[in-house]
Amino acid sequence: ISIDDISYLEYDVLGGLNLWTYCNNNPIMYVDPDGNSIILALLIGAGIGALIGVGSQAITDVFSNVINFGFNFSDWKMSSWQTYVGAFVGGAIGGALVPFMNPIITAAVTGGVSALVGMSLENLTGDANHSIGEILTTTVLYSAFSGLTAGLLNGVKIPKINSGRGSLSAIQKQIYTKLIKGQISKVSMKTIEKMMMLNTINSILPSIMNSILNGNILIPYKIV
């Protein structure tokens, strides 16, 4: 019997001495012999989420510009680099939570973190002077709106996308479940492409709605 590696234990954190942390604190349901399965699930989710986050922000910018300026490209203005960094970070964090939480929570986290990081960076770099109230309000609004949109989208059953045994949603759930349980140690690129396709589809409606709000109703900070 080999000695367990306890380097992951954190002595100063509540639950940091829990020897079952490596298998998500549930050794009855989950198995992770080398301690890497959950890490891989987190990395895959974060990577997909980060890419989709940046892509969604680009889609939001395009729709916002079309709404406000039509196809007069000379008037188009893209979001600041800080906003894109926020979208990257928010997407990564939200994506990492996908294996463990429902779509509404992960979407809310993604939207809130994206706004919080983006606006905070704009302040730190001197490109804007958002008040704490503006940042908090925007964070809450984007979080709530993203969660609401995800909930509505999740309620619409589309065959082969989020409905049916072989749907993209079913495939993603199956892969994450197997990763967490330690039943697989790698994921093929073809499967990752299907997971990215699902997340892209799920991001289109929120991106369109964000662009409408961004340019016309709620928060104009993203277009600078």
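The values are calculated or read from the model by the stated rules, or taken from the named source; none is laboratory data. Predicted, not measured: the structure shown is a model, and the values here were computed from it. Using ideal geometry, Cβ is built from the backbone for each residue, glycine included, and neighbour counts are taken over all protein chains shown.
Output the residues belonging to the stretch 153-173 that are outside any loop (DSSP other than H, G, I, E, B) and closer than 19 Å to Ile104 by Cα. Talk me through it step by step, then tell me what you get.
Our first condition is that a residue be outside any loop (DSSP other than H, G, I, E, B); within the stretch 153-173, this holds for 153-155, 159, 163, 168-173.
Hits for the stretch 153-173 are Leu153, Asn154, Gly155, Ser163, Leu168, Ser169, Ala170, Ile171, Gln172, Lys173.
Six or more apart or on different chains, Cβ atoms under 6 Å: show the pairs whose first residue is in the stretch 148-167 and under 19 Å from Thr191 (Cα atoms) and whose second is among the basic types (Lys, Arg).
As it stands, the answer is Ser163/Lys157; Ser167/Lys160, since those pairs meet every condition given.
Has the stretch 103-114 got any residue that is buried (at least 17 other Cβ atoms within 10 Å of the Cβ) and farther than 24 Å from Met197 by Cβ?
yes
Of the residues Leu179, Leu153, Leu168, which is of a type outside the set (S, T, N, Q), in contact with a Pro (Cβ under 8 Å, 6 or more places away or on another chain) and farther than 16 Å from Leu40 by Cβ?
Leu153
Let me confirm something: among Asn68, Asn26, Asn36, which residue is within 17 Å of Lys178 (Cβ to Cβ) and at pLDDT 55 or above?
After ruling out the rest, the residue left standing is Asn26.
Please specify each residue of the stretch 39-86 satisfying the condition of being of a type in the set (S, T, N, Q) and either under 15 Å from the mean Cα position of the chain (by Cα) or closer than 15 Å to Asn199 by Cα (or both).
Selection gives Ser56, Gln57, Thr83.
Is it the case that some residue within the stretch 119-129 is closer than 23 Å to Ile39 by Cβ and either assigned to a helix (DSSP H, G or I) or touching a residue at least 60 places away in the same chain (Cβ under 8 Å) (or both)?
no
I'm trying to understand the selection: among the residues of the stretch 50-83, which are crowded, with 20+ Cβ neighbours inside 10 Å, assigned to a helix (DSSP H, G or I) and of a type outside the set (A, V, I, L, M)?
Correct list: Gly53, Ser56, Gln57, Thr60, Asp61, Ser64, Asn65, Gln82, Thr83.
What's the number of the only condition in (1) in contact (Cβ under 8 Å) with a residue 12 or more places away in the chain; (2) under 27 Å from Ile44 (Cα atoms); (3) among the basic types (Lys, Arg) that Lys77 fails to meet?
Exception for Lys77: condition (2).
Given the structure, is Gly47 crowded, with 18+ Cβ neighbours inside 10 Å and modelled with pLDDT of 75 or more?
no
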